[in-house]
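Notes to accompany the following structure.
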Amino acid sequence: MKKRPAKKRLSLAACLAPIALLLALARRYLLLVTVRGGSMKPTLVDGERLLMVRVPGRSVRPGDIVAIRNPDGAGAPYPLLVKRVAAVADDPVPPHVPTTGESRFVPAEHLVVLGDWPHSRDSRAWGCIPNDLVIGVAVRRKEVIDALKVQRAPQPGSRAFATRPSHSGKGPP
(Lines give C-alpha, C1' and ligand atoms only; values in the text may rest on other atoms or scores of the structure.)
Protein backbone atom coordinates (compact mmCIF):
# COMPACT_ATOMS: atom_id res chain seq x y z
CA MET A 1 0.00 0.00 0.00
CA LYS A 2 1.36 3.37 -1.01
CA LYS A 3 1.60 6.14 1.48
CA ARG A 4 0.26 9.44 0.37
CA PRO A 5 2.63 12.36 0.68
CA ALA A 6 1.73 14.66 3.52
CA LYS A 7 -0.07 17.79 2.38
CA LYS A 8 1.83 20.93 2.99
CA ARG A 9 -0.04 23.46 5.03
CA LEU A 10 0.57 27.10 4.65
CA SER A 11 1.00 28.88 7.91
CA LEU A 12 -1.22 31.79 8.74
CA ALA A 13 1.79 34.09 8.58
CA ALA A 14 2.62 32.92 5.05
CA CYS A 15 -0.95 33.62 3.95
CA LEU A 16 -1.13 37.04 5.55
CA ALA A 17 2.31 38.24 4.45
CA PRO A 18 1.26 39.19 0.87
CA ILE A 19 -1.82 40.99 2.19
CA ALA A 20 0.29 42.93 4.69
CA LEU A 21 2.74 43.84 1.94
CA LEU A 22 -0.07 45.12 -0.31
CA LEU A 23 -1.53 47.17 2.53
CA ALA A 24 1.87 48.67 3.35
CA LEU A 25 2.44 49.59 -0.30
CA ALA A 26 -1.05 51.09 -0.59
CA ARG A 27 -0.49 53.17 2.53
CA ARG A 28 2.83 54.42 1.21
CA TYR A 29 1.61 55.36 -2.27
CA LEU A 30 -2.12 56.07 -1.84
CA LEU A 31 -4.04 58.56 0.25
CA LEU A 32 -7.79 58.91 0.78
CA VAL A 33 -8.77 62.57 1.25
CA THR A 34 -12.13 64.02 2.23
CA VAL A 35 -12.87 67.46 0.77
CA ARG A 36 -13.71 70.01 3.48
CA GLY A 37 -15.28 73.36 2.66
CA GLY A 38 -16.45 74.87 -0.59
CA SER A 39 -13.23 76.03 -2.22
CA MET A 40 -13.51 73.50 -5.05
CA LYS A 41 -17.21 74.04 -5.84
CA PRO A 42 -18.77 73.16 -8.24
CA THR A 43 -16.26 70.44 -9.19
CA LEU A 44 -15.97 68.95 -5.70
CA VAL A 45 -18.30 69.43 -2.76
CA ASP A 46 -17.84 69.27 1.00
CA GLY A 47 -17.59 65.65 2.13
CA GLU A 48 -16.63 64.23 -1.26
CA ARG A 49 -13.80 61.69 -1.11
CA LEU A 50 -10.80 61.48 -3.43
CA LEU A 51 -8.22 58.77 -3.92
CA MET A 52 -4.80 60.40 -4.28
CA VAL A 53 -1.48 59.00 -5.42
CA ARG A 54 1.46 60.39 -3.46
CA VAL A 55 3.75 62.21 -5.90
CA PRO A 56 6.51 64.81 -5.69
CA GLY A 57 5.37 68.35 -6.45
CA ARG A 58 7.61 68.62 -9.51
CA SER A 59 5.58 65.93 -11.29
CA VAL A 60 2.19 67.71 -11.27
CA ARG A 61 0.75 69.52 -14.29
CA PRO A 62 -1.66 72.40 -14.71
CA GLY A 63 -5.21 71.13 -14.30
CA ASP A 64 -4.31 68.40 -11.79
CA ILE A 65 -6.29 68.33 -8.54
CA VAL A 66 -3.81 68.01 -5.69
CA ALA A 67 -3.69 67.67 -1.92
CA ILE A 68 -1.26 70.12 -0.34
CA ARG A 69 -0.08 70.89 3.17
CA ASN A 70 -1.71 74.12 4.28
CA PRO A 71 0.72 77.01 3.59
CA ASP A 72 -0.82 78.88 6.55
CA GLY A 73 1.04 76.49 8.86
CA ALA A 74 0.39 73.79 11.41
CA GLY A 75 -2.09 75.90 13.39
CA ALA A 76 -4.47 76.24 10.44
CA PRO A 77 -7.94 74.66 10.84
CA TYR A 78 -7.33 72.26 7.93
CA PRO A 79 -3.84 70.74 7.68
CA LEU A 80 -4.53 69.42 4.16
CA LEU A 81 -6.16 71.35 1.34
CA VAL A 82 -7.49 70.24 -2.05
CA LYS A 83 -6.77 72.65 -4.91
CA ARG A 84 -6.25 72.69 -8.68
CA VAL A 85 -2.81 73.35 -10.13
CA ALA A 86 -3.03 76.53 -12.25
CA ALA A 87 0.65 76.97 -13.19
CA VAL A 88 4.01 75.26 -12.66
CA ALA A 89 7.60 76.48 -12.85
CA ASP A 90 8.29 78.80 -15.83
CA ASP A 91 4.57 79.23 -16.62
CA PRO A 92 3.11 82.75 -16.54
CA VAL A 93 1.60 83.64 -13.17
CA PRO A 94 -2.20 83.91 -13.49
CA PRO A 95 -3.82 87.31 -12.88
CA HIS A 96 -4.64 88.19 -9.25
CA VAL A 97 -1.79 86.02 -7.91
CA PRO A 98 0.85 88.12 -6.14
CA THR A 99 4.52 87.72 -7.03
CA THR A 100 7.57 88.60 -4.96
CA GLY A 101 9.73 90.02 -7.74
CA GLU A 102 9.43 91.70 -11.11
CA SER A 103 9.04 88.42 -12.96
CA ARG A 104 5.51 87.34 -13.87
CA PHE A 105 6.61 83.71 -14.24
CA VAL A 106 6.35 80.94 -11.63
CA PRO A 107 9.82 80.45 -10.07
CA ALA A 108 11.64 77.11 -10.16
CA GLU A 109 10.44 74.52 -7.61
CA HIS A 110 7.14 76.43 -7.13
CA LEU A 111 3.59 76.25 -8.42
CA VAL A 112 0.30 78.12 -8.32
CA VAL A 113 -2.81 76.42 -6.91
CA LEU A 114 -6.32 77.81 -7.12
CA GLY A 115 -9.69 76.67 -5.83
CA ASP A 116 -12.49 76.43 -8.38
CA TRP A 117 -14.59 78.79 -6.25
CA PRO A 118 -13.50 82.40 -6.93
CA HIS A 119 -13.33 83.29 -3.21
CA SER A 120 -11.17 80.33 -2.23
CA ARG A 121 -8.11 80.80 0.00
CA ASP A 122 -5.33 79.79 -2.37
CA SER A 123 -2.38 81.25 -4.31
CA ARG A 124 -4.37 84.49 -4.63
CA ALA A 125 -3.57 84.91 -0.92
CA TRP A 126 -0.26 83.00 -0.66
CA GLY A 127 1.38 83.65 -4.01
CA CYS A 128 3.47 80.85 -5.54
CA ILE A 129 3.91 77.92 -3.16
CA PRO A 130 6.88 75.51 -2.90
CA ASN A 131 6.57 72.15 -4.67
CA ASP A 132 7.31 70.30 -1.44
CA LEU A 133 3.87 71.21 -0.06
CA VAL A 134 2.27 68.83 -2.57
CA ILE A 135 1.30 65.49 -1.07
CA GLY A 136 -0.56 63.80 -3.92
CA VAL A 137 -2.61 64.08 -7.07
CA ALA A 138 -6.23 62.91 -7.41
CA VAL A 139 -6.83 59.80 -9.49
CA ARG A 140 -10.39 58.79 -8.55
CA ARG A 141 -13.51 60.45 -7.23
CA LYS A 142 -16.16 59.37 -4.76
CA GLU A 143 -18.30 57.45 -7.24
CA VAL A 144 -15.55 54.92 -7.89
CA ILE A 145 -14.66 54.60 -4.21
CA ASP A 146 -18.34 54.07 -3.32
CA ALA A 147 -18.62 51.36 -5.98
CA LEU A 148 -15.83 49.44 -4.25
CA LYS A 149 -17.61 49.38 -0.88
CA VAL A 150 -19.09 46.10 0.26
CA GLN A 151 -22.83 46.06 -0.29
CA ARG A 152 -24.79 45.78 2.95
CA ALA A 153 -27.71 43.40 3.38
CA PRO A 154 -31.08 45.13 3.00
CA GLN A 155 -32.69 46.26 6.25
CA PRO A 156 -36.28 45.41 7.15
CA GLY A 157 -38.55 48.20 5.96
CA SER A 158 -36.30 49.17 3.04
CA ARG A 159 -37.52 49.01 -0.57
CA ALA A 160 -35.36 45.92 -1.11
CA PHE A 161 -37.43 44.21 1.59
CA ALA A 162 -40.79 45.25 0.12
CA THR A 163 -43.29 42.42 -0.12
CA ARG A 164 -45.29 41.50 -3.17
CA PRO A 165 -48.89 42.68 -3.32
CA SER A 166 -51.24 40.34 -1.48
CA HIS A 167 -53.12 37.75 -3.48
CA SER A 168 -56.86 38.26 -3.91
CA GLY A 169 -57.62 34.60 -3.21
CA LYS A 170 -59.16 33.90 -6.64
CA GLY A 171 -57.13 31.30 -8.51
CA PRO A 172 -53.44 30.55 -8.20
CA PRO A 173 -51.09 33.39 -7.30
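The values are calculated or read from the model by the stated rules, or taken from the named source; none is laboratory data. Just so we're clear, the structure is a prediction, and the values are computed from it rather than from any experiment. Cβ: placed from backbone, ideal geometry, glycine included. Neighbour counts: every protein chain shown. Protein only, heavy atoms only, side chains kept; ligands, DNA and RNA dropped before computing areas. Shrake-Rupley method; radii C 1.70, N 1.55, O 1.52, S 1.80 Å.
Keeping the other protein chains in place, figure out the carbon and sulfur percent of the accessible area of the stretch 1-132, with a 1.4 Å probe.
Answer for the stretch 1-132: carbon and sulfur cover 60 percent of the accessible area.
Got a sec? Charge dipole of the stretch 1-132, +1 on Cβ for Lys and Arg, -1 for Asp and Glu; which of A26, L51, L114 is way out at the positive end?
Sorting the options by dipole projection puts first A26.
Starting with the highest mean, order 12-18, 44-50 by the number of other Cβ atoms within 10 Å, averaged over the residues of each peptide.
Descending mean neighbour count gives 44-50, 12-18.
On a full-extension model of 0.36 nm per residue, what is the gain between V55 and H119, subtracting their alpha-carbon distance, rounded to one decimal in nm?
Working it through step by step, the gained length comes to 20.3 nm.
Any idea how far apart F105 and L12 come out in nm if each label point goes 7 Å out from Cα toward Cβ?
That separation, rounded to one decimal, is 6.2 nm.
Tell me the label-point distance for the pair A89, A26, using the 7 Å Cα-to-Cβ offset, in nm and rounded to one decimal.
The answer from the label model is 3.4 nm.
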